[in-house]
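A quick write-up on the structure given underneath.
The values are calculated or read from the model by the stated rules, or taken from the named source; none is laboratory data. In this text the structure is predicted, and so the values were computed from the model without any measurement. Cβ placement follows ideal geometry from the backbone for every residue including glycine, while neighbour counts extend to all protein chains displayed. Surface areas here come from the heavy atoms of the whole protein model, side chains and all, with no ligands, DNA or RNA. Shrake-Rupley method; radii C 1.70, N 1.55, O 1.52, S 1.80 Å.
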Amino acid sequence: MNPSASTQNILTLVGRALIALLFIPAGLSKIGAFAGVAGYIASKGVPLPQVAAVIGIVAEVGLGALILIGWQTRWAALGMAIFTVVITFIFHNFWALPAEQVMAQQQAFFKNIAVVGGLLALVAWGAGGYSVDAKRSV
């Protein structure tokens, strides 16, 4: 299969939107439940849980928005990939959980790793033609 440039641009736009759909609402929901989020982060042994919660919100909303609009996409996707890898090992450590929790956390772990794969594809190939990055390079 050899899709046209137009098809590639549309698919890249849809891919960026779907990735952003995972992160932006999650970050926005953390704002409204900040104390609970910070408490959950603290329960995982992360130091400075309020600071970590703010970093999570900024990463998910800020980097997610950059990916959505396609501005500084490669850097935003790289930042989001690093963020996702870090939180995945902290919050989905299925290897250290009781047997009844392993399946759900293992699925979440590998889902996140797959998302990192998509983010790394954006790092490699960029935002596509329907993006701020493309309009700025013209």
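Applying the selection to the stretch 1-29, what residues are part of a helix (DSSP H, G or I) and open to solvent by less than 50 Å² (accessible area, probe 1.4 Å)?
Correct list: Asn9, Thr12, Gly15, Arg16, Ala17, Ile19, Ala20, Phe23, Ile24, Ala26, Gly27.
In the stretch 94-127, what count of residues is obtained for those that are more than 17 Å from Leu63 (Cα to Cα) and touching a helix residue (DSSP H, G or I) at 6+ places or on another chain (Cβ under 7 Å)?
7
Pairs needed: first member in the stretch 114-136, at pLDDT 95 or above; second member anywhere, among the acidic types (Asp, Glu); C-beta distance under 9 Å; at least 6 residues apart or different chains.
Going by the 9 Å Cβ cut-off, the qualifying pairs are Gly126/Asp133; Ala127/Asp133.
Check the stretch 85-97 and report whether any residue there is polar (S, T, N, Q), closer than 22 Å to Ala26 by Cα, assigned to a helix (DSSP H, G or I) and within 16 Å of the chain's Cα centre (by Cα).
yes
Would you point out the residue of the stretch 96-138, among those that are surrounded by fewer than 15 Cβ atoms within 10 Å (Cβ to Cβ) and among the charged types (D, E, K, R), that is farthest from Ala5 (Cα to Cα)?
Among them, the one singled out is Glu100.
Somewhere in the stretch 54-72, is a residue more than 30 Å from Asn9 (Cα to Cα), at pLDDT 95 or above and in a helix (DSSP H, G or I)? I'd like the intermediate steps shown before the answer.
Keep residues of the stretch 54-72 that are more than 30 Å from Asn9 (Cα to Cα), which gives 54-55.
Filter again for at pLDDT 95 or above, leaving 54-55.
Pick out the ones that are also in a helix (DSSP H, G or I) and you get 54-55.
Scanning the stretch 54-72, I find at least one residue that is more than 30 Å from Asn9 (Cα to Cα), at pLDDT 95 or above and in a helix (DSSP H, G or I), so the answer is yes.
Please enumerate the residues belonging to the stretch 34-53 that are assigned to a loop (DSSP other than H, G, I, E, B) and open to solvent by 50 Å² or more (accessible area, probe 1.4 Å).
Within the stretch 34-53, Lys44, Gly45, Pro47, Leu48 qualify.
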